[in-house]
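Data block below; observations after.
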Amino acid sequence: MQADRLKGIKSKIYHMSVLYVEDDKDVREQTTKNLELFFSKVVSFENAVDGLSYFKSNPVDIVFTDINMPQISGLEMIEKIKKIDPNVKVVIFSAYDKTEFFTKAIALGVDMYILKPFTIEKLLDTFEKIAQTSKNLIYLDGGFYWDKKSSNLLKENRSIKLTKNEILLLELLLSSKNKIISSLDIENAVFDDDLNNNKRVRNLISRFNKKIGYMLIENIYSQGYKIKCIS
């Protein structure tokens, strides 16, 4: 059962990238190893200045951070990060249990506040909560994911601008994500006229794959098209 639980958690969050900031070397190294078991990319720093500098040019999906660190605190870093990307998930690992820290964290939009020392079980519970908050997301191949609520395609927490027809195309393919959709069905769902010309379907999909720099929609010979999904 535990193995199934671990596999289930990883399948939902592995595509996410992580920034981890912790000034205690031993804690940082051990926690980084644990994070790397569940997330595809984990970058760690020993202080918030370096962590913030990295985030400015390398957007991530989740920030894990301590509070009490030299130069600037974790809370100060979070405040600056949230100004850059209000939607990034933030989890605090801290030994501070005073109300003032909880209040400040809530005001900054922190998703979770985990008291140190924490166990592996507590870490797994945290990962599960992260997975649950991502229930509106469909995870796609190549590090992409689709937000069903906002009809946005994202990668590394950044939205990719799509045309109306591209959105309709993705919504159709994702409505039957494990099935092959024929060119005719795509044409009927995406285009507003009665013309029967599958060349424009090929062109639409070709332009889309080229735009995102990845063959996310594949052509199944003589059958139709299918989108590459993870979950």
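Here, each number is a calculation from the coordinates, and none is a lab measurement. These numbers were taken from a predicted model, which means no experiment stands behind them. So basically every Cβ, Gly included, is an ideal-geometry build from the backbone, and we count neighbours across all protein chains shown.
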Task: Values of log10 I(q)/I(0), in the order q = 0.11, 0.12, 0.13 Å⁻¹, for region 138-227 under a Debye, Cα-only, solvent-free model - done: -0.28, -0.33, -0.39
Open item on the list: Once you place label points 7 Å from the Cα toward the Cβ at ILE220 and LEU124, how far apart are they in nm?
Closed with: 3.6
- [ ] May I ask you to order 223-230, 2-9 by the average number of other C-beta atoms within 10 Å around their residues, highest value first?
- [x] 223-230, 2-9
Task: Kirkwood Rh in Å, taken over all unlike Cα pairs in region 2-135 - done: 14.9
Open item on the list: Just to be sure I understand: of the beta bridges DSSP finds with both ends in the chain, what percent are antiparallel, rounded to 5?
Closed with: 50
TODO: About the Cα centre of region 138-227, how large is the charge dipole given +1 on each Lys and Arg Cβ and -1 on each Asp and Glu Cβ? Please answer in debye to the nearest 20.
DONE: 340
Task: Scattering profile of the chain at q = 0.11 Å⁻¹ [log10 I(q)/I(0), Debye over alpha-carbon scatterers] - done: -0.64
- [ ] Go through region 151-231 and name the GluC sites (Glu not before Pro) that are in a DSSP coil and have 16 or fewer other Cβ atoms within 10 Å of their Cβ.
- [x] GLU156
TODO: Could you let me know the centre-to-centre spacing of region 36-93 and region 205-225, using Cα atoms, in angstrom?
DONE: 35
Task: Contact order normalised by residue count of region 2-154, Cα under 8 Å, 6+ apart, percent - done: 19
TODO: Work out, step by step, the length gained on full extension between LEU6 and SER150: first 0.36 nm times the residue separation, then minus their alpha carbon distance; give nm to one decimal.
DONE: 48.9 nm
Task: Most to least packed among 43-56, 20-33 [average Cβ atoms within 10 Å] - done: 43-56, 20-33
- [ ] Calculate the dipole size of the chain relative to its Cα centre from +1 charges on Lys and Arg beta carbons and -1 charges on Asp and Glu beta carbons; express the result in debye to the nearest 20.
- [x] 740
Open item on the list: Please compare each pair in LYS25/LYS155; LYS7/LYS41; LYS80/LYS211 to a cut-off of 26 Å on the Cα-Cα distance and tell me which ones are over it.
Closed with: LYS25/LYS155; LYS80/LYS211
TODO: Using only the Cα atoms of region 53-115, construct the convex hull and provide its projected area averaged over every direction, in square nanometres to one decimal.
DONE: 4.0
